[in-house]
1. May I ask you to say which residue of Gly70, Gly13, Gly63 is more than 24 Å from Gly320 (Cβ to Cβ) and open to solvent by less than 60 Å² (accessible area, probe 1.4 Å)?
2. Can you confirm whether segment 62-73 contains a residue that is of a type outside the set (Lys, Arg), under 30 Å from Val244 (Cα atoms) and in a helix (DSSP H, G or I)?
3. Can you tell me which residues in segment 108-130 are more than 11 Å from Leu284 (Cα to Cα), within 16 Å of the ligand (Cβ to nearest atom) and either among the hydrophobic types (A, V, I, L, M, F, W, C) or surrounded by fewer than 16 Cβ atoms within 10 Å (Cβ to Cβ) (or both)?
4. Test each condition in (1) part of a helix (DSSP H, G or I); (2) more than 15 Å from the ligand (Cβ to nearest atom) for Arg279 and report the one that comes out false.
5. Kindly list, by first and then second residue, each pair from a residue in segment 20-31 that is more than 12 Å from Val101 (Cβ to Cβ) to a residue that is open to solvent by 80 Å² or more (accessible area, probe 1.4 Å), limited to pairs with Cβ atoms under 9 Å and residues at least 6 apart or on different chains.
6. Out of all the residues in segment 165-176, which are within 9 Å of the ligand (Cβ to nearest atom) and open to solvent by 10 Å² or more (accessible area, probe 1.4 Å)?
7. Within segment 195-244, how many residues are within 9 Å of the ligand (Cβ to nearest atom) and open to solvent by 30 Å² or more (accessible area, probe 1.4 Å)?
8. So which residues in segment 310-329 are more than 15 Å from the ligand (Cβ to nearest atom) and either hydrophobic (A, V, I, L, M, F, W, C) or open to solvent by less than 50 Å² (accessible area, probe 1.4 Å) (or both)?
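The values are calculated or read from the model by the stated rules, or taken from the named source; none is laboratory data. In this text, all values refer to a predicted model and were calculated from it rather than measured experimentally. As a convention, Cβ positions derive from the backbone with ideal geometry for all residues, glycine included, and neighbour counts pool all protein chains shown. Side chains included, ligands, DNA and RNA excluded: accessible areas come from the protein's heavy atoms. Shrake-Rupley method; radii C 1.70, N 1.55, O 1.52, S 1.80 Å.
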Amino acid sequence: MTRIWHLASRPHGAPQPENFVLQETTAAVLAPGMVRVRNSWLSVDPYMRGLLEDSNPYMPTLGLGAAMIGGAIGAVVESRNNLFKVGDIVSHRVGWRDESVLKPEEIAALPKADVPPQRFLGHLGMPGMTAYSGLLFVAEPKSGETIFVSGAAGAVGSAVVQIAKIKGLTVIASAGGPDKCAFLREIGADVAIDYRAPGSMDDKLSAAAPEGIDIYFDNVGGDHLDAALLCAKRHARFALCGMVGVYNAAKPMVLKNILHTIRAKPKMQCFSAPDYYHRRDEFLTDMIPWVENGLIRSQETIHEGLESTPIAFCDIFKGGNTGKMLVRL
Ligand SMILES: NC(=O)c1ccc[n+]([C@@H]2O[C@H](COP(=O)([O-])OP(=O)(O)OC[C@H]3O[C@@H](n4cnc5c(N)ncnc54)[C@H](OP(=O)(O)O)[C@@H]3O)[C@@H](O)[C@H]2O)c1
């Protein structure tokens, strides 16, 4: 039998575990060319919130009752394809289940690296590629500049903080709570802002960056983006990666500092990691040794068992993770 999580109902506001239902089906017979993978790690990510909507402007959504999907790593347990043999460890995007039956084009062999395989769901996978491409290809940092990174204790943000330090930037990083701020300082942030502490983001960022910021890497949106507008130096660059603070919000986002764009004339660019997959070799060439030798520290928050997948996913929106949120099967 195969157990697969399905979308049971659409969330209103923050997703709840009850929005998902675990169903058992008979394991599919393997057709010629196909590969069966027993999953050992599942990724849960903020973008999955978008899959749960009726419709949204930036990605296809799931129908009610549809099987959930997402990044996963596992071992080939049966193969009718010469490219993959039993025992190969592979990554794919058909997760939220204990076993996946895949076409060869849906599977990638893991690049060689002296790291645990689940790193390829974190700093050596999609979140790491997002951090690397957003910082280096979109924001184009120069040594000596000051960057503000929001959502900095998460999978993407923690990579941005550490790559920015490697590139000689001064890093102001924000996250929720004193423990996460201590983590940010441990991984090299020069200033850590606790956005949950009393006071406005405008005041906190203005105090942290009295001369202003050259770069804003946005993972949160809302009042974080607004504060970055207030503090932007002339011709600052904004890499707009995601807005996790807005995905569940009932009210539209208001940017009271938007007129600062007229003063600062920032370059603001949204991007998606796939926009830069043609440059994945550059990413792996840099990041694998950085992660292997500990120059980049990869923190993980791990939930145990397939049953915990929706809980792990919902916890992302409560700040339940430091580093990459993962499920170990
Ligand atoms: N452009 C792309 O291709 C791409 C790819 C991957 C991810 N993203 C985006 O990048 C961002 C980070 O993703 P990730 O995978 O690294 O997730 P993550 O940061 O590992 O997890 C999300 C974190 O966001 C924070 N958060 C949740 N709700 C919040 C709120 N209302 N206000 C402020 N912070 C909140 C929480 O940390 P705190 O405890 O600090 O609140 C939580 O731990 C997301 O916006 C995501 O959509 C974009």
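1. Result of the check over Gly70, Gly13, Gly63: Gly63.
2. no
3. The answer is Leu121, Met126.
4. Result: Arg279 passes all but (2).
5. Every condition considered, the pairs that remain are Leu22/Glu307; Glu24/Met1.
6. Passing the criteria: only Gly176.
7. The number of residues fulfilling the criteria is 6.
8. Pro310, Leu329
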